[in-house]
Amino acid sequence: MATLLKPLDASWLYVESRTTPMHVAGLNIFSLPDDAPPDFLARLVAQLKDAKSFAPPWNLRLKASLLKSVAPAWEIDDGLDLDYHVRHSALPHPGGERELGVLVSRLHSHELDLNRPLWECHVIEGLENRRFALYIKIHHALIDGVGGIRLTARAFSTSPSQRGITPPWSIGTEMKKRRARRDEAADNTPPPSTLDRLREQLAQQVELVPQVFNALTKIWSGKKPHDALATPFKAPKSVLNDRVDGQRRFATQQYDLARLKAITEKAGVTLNDVVLAICAGALRRFLKELNALPRRSLTAGLPVSVRPKGDLELGTAISFMLADLGTSIADPVKRLHWIHESTLGAKEHLQSLPKSGLNNYTTLFMAPYIMGILTGAAGRIKPMFNLAISNVPGPDQTLYLGGAKLEAMYPVSVLMHGQALNITCLSYAGKLNFGFTGARDALPHMQRLAVYTGEALDELEAAVQKAAGR
């Protein structure tokens, strides 16, 4: 039985191309157990390939049909070739962060095979200091970043002594079997109560149209209650907003979460404001060195998860806000408070909508952006925003895989024409991990940008402490 994709999920397939592959990924870094045998990783790969049953979204593929490109649908494929989906790689000596970054950049540049279930898992050995990496990518049409992290993390354990593992693609199969047995026992004709619920849902969506329309009119009109509120297509053109090629660069940084939270308390802002301020400080310096800093401030698109806690449903559960990054402001504390005012206004705008109307709002809000990509205008006209920055909450306790300690979790994201840089942060066990995904040709020195976030953090920390001491 085929399941049609929701419009927002289908849009990730519509914009898929060789130069804009639409998959997201996670890079997980592990340290080997002290008593790990020489064949530890070979055994781990064997366990990952030993799955006999599969659960959505891992066993879903696009149904072949004449309407595939217009109305894509998922179908179950339980004949997965795990030798294809699960791969074992090794880094060249010395196996440092540079070698890992080069490999992940290459892996993330390749499109997924649209004729198979849309995911790959790569076990990467040879990382210095007795470490290895697990890189898993999955198509954005199947899951968003928050959902993907939750799906993958189900395979991890809180105990270092648990050596057996269950691959994430097998977790949930018992629930799937019970649901299948229940469906087989039921009448194929939907009961009236189900039809009534469908009518109620349709009626609710119709009722929400005026609210969604009013919200879109406010944000697109350009009439702002204060100067810091960002609006679509008011961003300046920059080197971040040209056409992109299919090759990617990837870089990482990791910071103590406690440092960032101390800044939030002293400055009276949110953690996300501090993340944006760090990125803004780094971008300001990076672009000034290239003699390419626009006079007007850069703006960021901020994906906002609307996925309830514990929800593992398929598809995308996100909305969007826009934030002014204050890159035209030299003072780091003034820039931080400018960002705070901008995000506060954006949150108030988004929260004015009922939760049941967010999907409609997001689809319509992003429609001009998607149309720009489909028509080839993106990267040639004024950008809707300059870059995407996400801050995703992750597990707060230390996790293990077959006894191997999970040291860091880095998100790897998507790029589109007109958006050559994506910065996504993920919290894990007291750390905040930054993943920088960039277009190779547009950002030849992206590692420098990643390093600058650390220096921007130092500068902001010192400036906030000085201001608080006055």
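The values are calculated or read from the model by the stated rules, or taken from the named source; none is laboratory data. Keep in mind it's a predicted model, so treat the numbers as computed, not measured. Here Cβ is always computed from backbone atoms with ideal geometry, including for glycine, and neighbour counts include all displayed protein chains.
General observations
- None of D83, D78 is surrounded by fewer than 17 Cβ atoms within 10 Å (Cβ to Cβ), part of a loop (DSSP other than H, G, I, E, B) and either modelled with pLDDT of 95 or more or touching a Phe, Trp or Tyr at 6+ places or on another chain (Cβ under 9 Å) (or both) except D78.
- Any helices (runs of 4 or more DSSP H) falling wholly within the stretch 153-271 and containing at least 1 residues that are surrounded by 12 or more Cβ atoms within 10 Å (Cβ to Cβ) and modelled with pLDDT under 50: 173-185, 192-221
- Exactly one residue out of E407, E461 is out of contact with any Gly (no Cβ under 8 Å at 6 or more places or on another chain) and either hydroxyl-bearing (S, T, Y) or in a strand (DSSP E or B) (or both), and it is E407.
- Counting the residues of the stretch 382-391 that are crowded, with 21+ Cβ neighbours inside 10 Å and in a strand (DSSP E or B) gives 4.
- When the stretch 35-66 is filtered for residues that are touching an Asp or Glu at 6+ places or on another chain (Cβ under 6 Å) and closer than 18 Å to D113 by Cβ, the ones remaining, listed by number, are F54, N59, R61, K63.
Every residue, every condition in (1) touching a residue at least 40 places away in the same chain (Cβ under 8 Å); (2) outside the structural domain of G372 (by TED's automatic domain parsing); (3) buried (at least 24 other Cβ atoms within 10 Å of the Cβ); (4) acidic (D, E), yes or no:
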position: G403; (1), (2), (3), (4): yes, yes, no, no
position: G418; (1), (2), (3), (4): yes, no, yes, no
position: T424; (1), (2), (3), (4): yes, no, no, no
position: K431; (1), (2), (3), (4): yes, no, no, no
position: D441; (1), (2), (3), (4): yes, no, no, yes
position: M446; (1), (2), (3), (4): yes, no, no, no
position: E455; (1), (2), (3), (4): yes, no, no, yes
position: L460; (1), (2), (3), (4): yes, no, no, no
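- Test for F286: is it at pLDDT 95 or above and assigned to a helix (DSSP H, G or I): yes
- A single entry from L432, L399 fulfils the requirement of being farther than 19 Å from N272 by Cα, at pLDDT 95 or above and aliphatic (A, V, I, L, M): L399.
- Annotation: of all residues in the stretch 365-381 being over 20 Å from the mean Cα position of the chain (by Cα), surrounded by fewer than 17 Cβ atoms within 10 Å (Cβ to Cβ) and not charged (D, E, K, R), the one that is modelled with the lowest pLDDT is P368.
- Conditions (1) out of contact with any Phe, Trp or Tyr (no Cβ under 8 Å at 6 or more places or on another chain); (2) touching a residue at least 24 places away in the same chain (Cβ under 8 Å); number of the one not met by K288: (2)
- Qualifying residue in the stretch 61-69 (condition: surrounded by fewer than 14 Cβ atoms within 10 Å (Cβ to Cβ), outside any loop (DSSP other than H, G, I, E, B) and either among the hydrophobic types (A, V, I, L, M, F, W, C) or touching a Ser or Thr at 6+ places or on another chain (Cβ under 9 Å) (or both)): no
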